[in-house]
Amino acid sequence: MNTLRNSVRLVGNLGMDPEVKSFDNNRKLARVSIATSDSYKNDKGEKVTDTQWHSLIFWDGKAKLAEEYLKKGDEVAIEGKLASRSYNDKDGNKRYVTEVVVNDFIKMR
């Protein structure tokens, strides 16, 4: 059961090309957003599509692969874990962010 702890699996479409940053210590970070959609019928019998956006983080080798192979609109399957952090914005307000740190991914098409 330990492999189920803090495990996230998503399949969806990328909303942007990866934004890549390189650091002095030879580390690389890629950020991208992914949209996942779910459809259901409401109480009037109408089809409703609910789309959720998720922030993905790729590190090092995975970031290099994301930069090379992924682009806006691609359908991908990812596996990773949730990570939360906070920061202060330019106005001094504390902001909270939850992201998926990607361990593995597959480009579907």
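The values are calculated or read from the model by the stated rules, or taken from the named source; none is laboratory data. Computed from a predicted model, the values in this text were never measured in an experiment. Every residue, glycine as well, gets a Cβ built from its backbone with ideal geometry; the counts of neighbours run over all protein chains shown.
Points worth noting:
- Among the residues of region 79-94, those that are loosely packed, with under 10 Cβ neighbours inside 10 Å and charged (D, E, K, R) comprise Arg85, Asp89, Lys90, Asp91, Lys94.
- For region 2-39, a residue qualifies if it is touching a helix residue (DSSP H, G or I) at 6+ places or on another chain (Cβ under 8 Å) and not in a loop (DSSP other than H, G, I, E, B), and the qualifying residues are Val20, Lys28, Leu29, Ala30, Val32.
- Of all residue pairs spaced 6 or more apart or on separate chains, those with beta-carbon atoms under 9 Å, a first member in region 10-23 that is over 12 Å from Lys71 (Cβ atoms) and a second member that is buried (at least 16 other Cβ atoms within 10 Å of the Cβ) and of a type in the set (Phe, Trp, Tyr) are Val20/Phe58.
- Strands (runs of 3 or more DSSP E) lying entirely in region 40-109 (those with 2 or more residues that are within 16 Å of Val20 (Cβ to Cβ), of a type outside the set (Ser, Thr, Tyr) and in contact (Cβ under 8 Å) with a residue 24 or more places away in the chain): 47-59, 94-107
- For region 11-45, a tally of residues being acidic (Asp, Glu) and either surrounded by 14 or more Cβ atoms within 10 Å (Cβ to Cβ) or at pLDDT 95 or above (or both) returns 2.
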